[in-house]
Amino acid sequence: AIFSVVDAVLLRPLPWPDSDRLVIVYSARGEQRTGGVAYLDYRDWREQSKAFDELGVIRGQSVNLTGGETPDRLVGSFATASTFRLLGASPLQGRLFTNEETEVASKEPVAVISDAMWRTRFGSRPDMVGQALVLNGQPFIVVGILRPGFNATLDTPFTPEVWLPVGYYPNKGDLELRGRGGVQVLGKLKPSVTVARAQSDLDGIARRLADLYPTTNAGTGVNVQPLKDQIVGRARTPLLIVLASVATVLLIACANVANLQLARATARRREISVRAALGAGRSRIMRQLLTESLVLSVAGGVAGVGVAYLGVRWLAGVVPNLLPLFGEIALNRGVLTFAAAVTVATGIGFGIAPAWQASRAQLQETLTVRGDAASGVKLGARSALVVGQIALCVVLLVSAGLLTRSLIAISRVKPGFDPEHLLTMQFRLPPTKYDSDAKIADMFARAIAEIRTVPGVEHAALVRATPLNGNGEMVPYEIEGSGNIEPAKLPTAHANIISTDYFETMRIPRLGGRDFTPDDRATNMLVAIVNEQLAKKIAPQGSAIGKRIRPSPADQPAWATIVGVVGNAKHFQLEEAPLDQVYVPFTQRPLIFTELVVRAPGDPMSVANSVRSAIWRVDRDQPVWRVRPVTQSIDGALGTRKFIMRLLASFAVLAVVLATIGVYGVMSYAVARRTQEMGIRMALGARSNQVVGMVLRQGMRTIAIALVIGLGVALAATRVLETQLYGVQRLDPLTFAAVPLALALVALVACYLPARRASRVDPVRALRAE
């Protein structure tokens with residue numbers, strides 16, 4: 001079941017032709033990627049680079065669909081014609097874009113829709129090609145319908161429903177200005193070109209652009225990565241950790257079966273000796289015993305596949321929301337082949353030791369000596385298997401403990417705002433209808449005023465990007481009086497655009513100065529609010545109020561006066577280091593996309609419909625989407641960690657149960673073999689507590705060796721976990737102390753039960769058996 005996920009996410013090739021040659025190209029400042037590639041930089045790369053067969057642009061963004069009874073929102077993607085060629089797209093009906101249609105806005109706007117949209121929204125109407133759709137307030141002619149199954153979930157977890165030429169991207173400033181990253185660039189390497197060579201080629205172009213455009217491109221480099229690494233890179237380590245934990249549980253289970261097989265081989269020692277006496281060679285005996293092991297293994301494998309079918313159905317419902325996935329999670333041919341290989345390997349693995357030991361039987365001793373004394377079988381192999389089981393348990397429990405403590409630490413992180421009773425939603429204004437800053441600002445002002453009149457709304461505000469929802473951008477900034485700093489060396493801050501009452505709505509504490517007011521208009525002095533961390537950098541010994549800052553100097557030449565200081569707040573991830581943050585009012589920088597945050601006294605979803613209606617009272621053609629509580633964003637940010645931690649913890653508990661059974665079984669067998677010895681000791685005056693102590697010392701000596709080995713292996717194995725941990729060190733003393741202590745107590749119980757049974761041996765009955 002777990003391998004089916006690994007197969008679907010990591011091993012399966014991407015669903016595009018020549019996917020091993022597909023790369024994604026980023027702009028970067030040093031080691032840090034920027035928010036996107038400037039479209040003009042992409043055009044220079046395309047014209048000057050010799051490393052690519054083709055370069056293309058893609059930019060996911062929602063699109064407003066109007067003209068029907070109610071406005072709606074579509075998952076949109078703006079792209080070049082070359083992007084379709086890169087991804088191997090072909091039309092079911094009509095055609096795709098031409099190069100001319102995607103470079104600049106054409107006289108007749110065109111669109112391509114997905115097969116799923118055609119079937120679900122338009123009922124597979126046969127005359128769809130040639131129809132007009134009103135998208136972002138502008139009619140687009142549908143020129144094509146994509147074939148079923150085409151997938152392009154690159155920069156968004158959602159599959160695009162409609163494709164538009166990149167020339168119609170709403171934020172045209174992102175396309176027309178250098179230094180303004182706004183698009184994602186895909187490339188297909190030439191057959192003989194490596195990623196390193198492509199990187200070198202684009203590095204040279206980036207240096208030339210920095211010389212030509214020092215204001216915007218100085219310090220801006222390029223980062224070329226294989227597309228598959230970008231899509232599944234973050235999922236690789238967690239999935240391999242889970243797969244390793246499953247393999248560990250399998251090994252522990254195999255050790256138990258091997259112990260049972262060893263005991264069974266001991267019981268059959270006379271039979272094996274008779275076979276040998278009649279001429280059976282060692283290899284013949286080993287083949288027979290391995291065949292019996294394989295029959296047992298195959299029966300278990302078939303049953304396991306049946307159980308895995310249920311596990312895969314559960315995973316298929318959970319994983320797509322947490323990990324990148326192409327195709328379905330299923331028991332396909334590859335997974336079944338893996339299951340067959342594991343079945344055979346385990347059958348041989350847990351059968352080889354018993355078969356080898358049984359084939360070494362001493363014929364004369366076995367056939368002439370009666371009773372258990374003839375067994376000639378020592379406990380060394382069984383003890384070694386127990387040591388292996390306990391050691392593997394230590395590794396699993398330490399790993400699960402570290403991940404659990406890490407998740408607890410992240411869950412306790414104070415985000416800097418109060419997420420409870422907070423609702424968020426998004427909307428984007430059509431640029432054809434709101435074609436000036438004044439119109440955008442006016443619509444936002446009327447909308448927020450209308451929303452604040454809704455019963456049940458305590459506070460409401462607009463914000464460019466709410467925390468932990470995936471949106472947001474980092475921009476370079478300049479502090480007045482800091483001297484002439486090269487553009488490449490400017491520090492970066494998270495920039496956000498907000499309305500009045502945002503900090504009160506989010507409950508971000510205001511530490512000094514004032515909030516924005518309606519008087520902070522574009523015609524007045526430009527203002528900004530910074531967070532505590534940035535304020536200390538601006539004025540280490542005094543107040544930052546009244547100082548001036550220039551966020552994104554290449555795009556915002558004017559200085560903004562700092563009028564307030566607020567607390568630090570997490571934005572991209574809960575585990576991120578504190579960010580420099582700067583806020584500007586939407587009245588001075590109105591952009592068509594915004595999010596709404598609303599605080600309600602009870603369940604925030606109870607006011608969702610009323611708030612949506614308030615927006616429609618201002619503009620009935622304005623769709624609203626992604627309506628959800630902020631707590632859901634926080635849960636989503638922790639979703640993958642919780643999933644991995646729960647799986648690993650479950651496997652660790654299962655491993656402990658299996659290992660406990662193994663310890664108990666070996667100790668029970670050892671005591672059973674020594675029944676007569678115990679009887680003699682008791683007859684000679686040994687007390688019950690002495691017998692119990694003797695058995696416990698022998699058992700716990702083995703456990704102690706296992707714990708030491710397990711801790712040593714865990715010290716090395718947890719290096720893999722370092723990138724997955726937060727708020728806890730890899731060599732966490734508490735975890736490394738608690739795990740062996742807990743396992744020692746469990747093993748002590750497993751050893752005590754057989755020891756107590758040994759202390760109750762009746763000497764007379766034991767000696768009578770002798």
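The values are calculated or read from the model by the stated rules, or taken from the named source; none is laboratory data. Note that the coordinates shown come from a computational prediction; the quantities given were computed from them, not determined experimentally. Glycine gets a Cβ as well: all are built from the backbone with ideal geometry, and neighbour counts include every protein chain shown. Please note that ligands, DNA and RNA were not included when accessible areas were found on the heavy atoms of the full protein model with its side chains. Shrake-Rupley method; radii C 1.70, N 1.55, O 1.52, S 1.80 Å.
Considering every residue within the stretch 620-638, establish whether at least one is in contact with a helix residue (DSSP H, G or I) (Cβ under 6 Å, 6 or more places away or on another chain), buried (at least 17 other Cβ atoms within 10 Å of the Cβ), touching a residue at least 24 places away in the same chain (Cβ under 8 Å) and in a helix (DSSP H, G or I). No, that holds for no residue.
I'm checking my understanding of the structure. Among residues of the stretch 224-266 that are of a type in the set (Lys, Arg) and either closer than 24 Å to Thr194 by Cα or touching a strand residue (DSSP E or B) at 6+ places or on another chain (Cβ under 7 Å) (or both), which one is most open to solvent (accessible area, probe 1.4 Å)? Only one residue tops the list, namely Arg234.
Considering only residues that are outside any helix (DSSP H, G or I) and surrounded by 15 or more Cβ atoms within 10 Å (Cβ to Cβ), which ones fall in the stretch 731-752? It would help to see each step written out before you state the result.
Filtering the stretch 731-752 for residues outside any helix (DSSP H, G or I) gives 731-732.
Residue satisfying the conditions is Asp732 alone.
Of the helices (runs of 4 or more DSSP H) lying entirely inside the stretch 275-369, those carrying at least 2 residues that are touching a helix residue (DSSP H, G or I) at 6+ places or on another chain (Cβ under 7 Å) and at pLDDT 75 or above are 282-318, 333-358.
Would you please name the residue that is nearest to Val475 (Cα to Cα), looking only at residues in the stretch 555-572 that are assigned to a loop (DSSP other than H, G, I, E, B) and without any contact (Cβ under 8 Å) to a residue 40 or more places away in the chain? The extreme case among them is Gln556. Scan the stretch 555-589 for residues that are farther than 20 Å from Ile538 by Cβ, surrounded by 22 or more Cβ atoms within 10 Å (Cβ to Cβ) and within 31 Å of the chain's Cα centre (by Cα) and report the count. Within the stretch 555-589, residues that are farther than 20 Å from Ile538 by Cβ, surrounded by 22 or more Cβ atoms within 10 Å (Cβ to Cβ) and within 31 Å of the chain's Cα centre (by Cα) number 0. Of all residues in the stretch 538-554, those being part of a loop (DSSP other than H, G, I, E, B) and touching a residue at least 60 places away in the same chain (Cβ under 8 Å) number 4.
Look through Leu707, Leu684 and report the one residue that is farther than 30 Å from Ala637 by Cα and touching a Pro at 6+ places or on another chain (Cβ under 7 Å). Before you say what the answer is, go through the steps one by one.
Working: Leu684 fails: touching a Pro at 6+ places or on another chain (Cβ under 7 Å).
Answer to the check: Leu707.
Considering the stretch 370-398, and only residues there that are at pLDDT 80 or above and within 13 Å of Leu260 (Cα to Cα), the residue that is surrounded by the fewest Cβ atoms within 10 Å (Cβ to Cβ) turns out to be Ser383.
Of all residues in the stretch 665-708, how many are outside any helix (DSSP H, G or I) and either in contact with a strand residue (DSSP E or B) (Cβ under 7 Å, 6 or more places away or on another chain) or open to solvent by less than 20 Å² (accessible area, probe 1.4 Å) (or both)?
If we filter the stretch 665-708 for residues that are outside any helix (DSSP H, G or I), which is where we start, we get 674, 684-687.
If we keep only those that are either in contact with a strand residue (DSSP E or B) (Cβ under 7 Å, 6 or more places away or on another chain) or open to solvent by less than 20 Å² (accessible area, probe 1.4 Å) (or both) too, we end up with none.
Residues flagged as outside any helix (DSSP H, G or I) and either in contact with a strand residue (DSSP E or B) (Cβ under 7 Å, 6 or more places away or on another chain) or open to solvent by less than 20 Å² (accessible area, probe 1.4 Å) (or both) within the stretch 665-708 amount to 0.
Tell me, which residue of the stretch 462-475 that is aliphatic (A, V, I, L, M) and over 18 Å from Thr631 (Cβ atoms) is surrounded by the most Cβ atoms within 10 Å (Cβ to Cβ)? Working first, answer last.
At the first step, the residues of the stretch 462-475 found to be aliphatic (A, V, I, L, M) are 462-463, 465, 468, 474-475.
In the following step, the residues that additionally are over 18 Å from Thr631 (Cβ atoms) were identified as 462, 474-475.
Values: Leu462: 24, Met474: 20, Val475: 21.
Only one residue tops the list, namely Leu462.
May I ask you to verify whether Arg234 is more than 15 Å from Leu648 (Cβ to Cβ) and within 27 Å of the chain's Cα centre (by Cα)?
Working: more than 15 Å from Leu648 (Cβ to Cβ): yes; within 27 Å of the chain's Cα centre (by Cα): yes.
So Arg234 fits the description; yes.
Of all residues being hydrophobic (A, V, I, L, M, F, W, C) and touching a residue at least 60 places away in the same chain (Cβ under 8 Å) in the stretch 128-152, which is surrounded by the fewest Cβ atoms within 10 Å (Cβ to Cβ)? Just the residue, please. Explain how you work it out, then say what you get.
Our first condition is that a residue be hydrophobic (A, V, I, L, M, F, W, C); within the stretch 128-152, this holds for 128-129, 132-135, 140-143, 145-146, 150, 152.
Retained after the next criterion (residues that are touching a residue at least 60 places away in the same chain (Cβ under 8 Å)): 133-135, 150, 152.
Values: Leu133: 23, Val134: 17, Leu135: 22, Phe150: 21, Ala152: 23.
Ranking the qualifying residues of the stretch 128-152, first place goes to Val134.
Whether any residue in the stretch 495-503 is surrounded by fewer than 18 Cβ atoms within 10 Å (Cβ to Cβ) and either among the hydrophobic types (A, V, I, L, M, F, W, C) or under 17 Å from Val565 (Cβ atoms) (or both) is what I want to check. No, the conditions are met nowhere in the stretch 495-503. Scanning the stretch 469-509 for residues being assigned to a strand (DSSP E or B) and under 34 Å from the mean Cα position of the chain (by Cα) gives a total of 12. Of the residues making up the stretch 427-450, at least one is assigned to a strand (DSSP E or B), of a type outside the set (Val, Ile, Thr), within 27 Å of Lys570 (Cβ to Cβ) and touching a strand residue (DSSP E or B) at 6+ places or on another chain (Cβ under 7 Å). Each residue in the stretch 695-732 was checked for being within 27 Å of the chain's Cα centre (by Cα) and free of Cβ contacts under 8 Å to residues at least 24 places away in the same chain, and 6 of them qualify.
Scanning the stretch 538-568 for residues that are modelled with pLDDT of 95 or more and more than 30 Å from Thr523 (Cβ to Cβ) yields Gly567, Asn568. When the stretch 420-433 is limited to residues that are modelled with pLDDT of 90 or more and open to solvent by 20 Å² or more (accessible area, probe 1.4 Å), the one that is farthest from Ile661 (Cα to Cα) turns out to be His421. Where helices (runs of 4 or more DSSP H) fall wholly inside the stretch 11-127, the ranges with 1 or more residues that are closer than 27 Å to Pro226 by Cα, open to solvent by 60 Å² or more (accessible area, probe 1.4 Å) and not acidic (Asp, Glu) are 39-48, 81-86, 99-103. Each residue in the stretch 267-298 was checked for being open to solvent by less than 30 Å² (accessible area, probe 1.4 Å), under 30 Å from Ala655 (Cα atoms) and among the small types (Gly, Ala, Ser), and 2 pass.
May I ask you to list the residues in the stretch 710-730 that are within 16 Å of Arg234 (Cα to Cα), touching a Lys or Arg at 6+ places or on another chain (Cβ under 9 Å) and assigned to a helix (DSSP H, G or I)? Give the derivation first.
Narrowing the stretch 710-730 to residues within 16 Å of Arg234 (Cα to Cα): 720-726.
From the residues that got through so far, the ones that are touching a Lys or Arg at 6+ places or on another chain (Cβ under 9 Å) too are 721-722, 724-726.
Passing the criteria: Leu721, Glu722, Gln724.
All conditions but one from (1) more than 29 Å from Met474 (Cα to Cα); (2) in contact with a helix residue (DSSP H, G or I) (Cβ under 7 Å, 6 or more places away or on another chain); (3) of a type outside the set (Asp, Glu) apply to Ser610; the one that does not is (2). Residues that are without any contact (Cβ under 8 Å) to a residue 12 or more places away in the chain and not in a helix (DSSP H, G or I) were ranked within the stretch 173-199; the one that is nearest to Asp211 (Cα to Cα) is Thr194.
A single member of Ala265, Ala255, Ala244 is of a type in the set (Gly, Ala, Ser), at negative phi, at pLDDT below 75 and part of a helix (DSSP H, G or I), and it is Ala265. The condition of being open to solvent by less than 40 Å² (accessible area, probe 1.4 Å), under 16 Å from Phe3 (Cβ atoms), touching a residue at least 12 places away in the same chain (Cβ under 8 Å) and touching a Leu at 6+ places or on another chain (Cβ under 9 Å) holds for only one of Val344, Val312, that being Val312.
Per-residue answers, yes or no, for (1) β-branched (Val, Ile, Thr); (2) modelled with pLDDT of 90 or more; (3) part of a strand (DSSP E or B):
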position	(1), (2), (3)
Glu576	no, no, no
Thr587	yes, yes, no
Leu596	no, yes, yes
Gly602	no, no, no
Ser610	no, yes, no
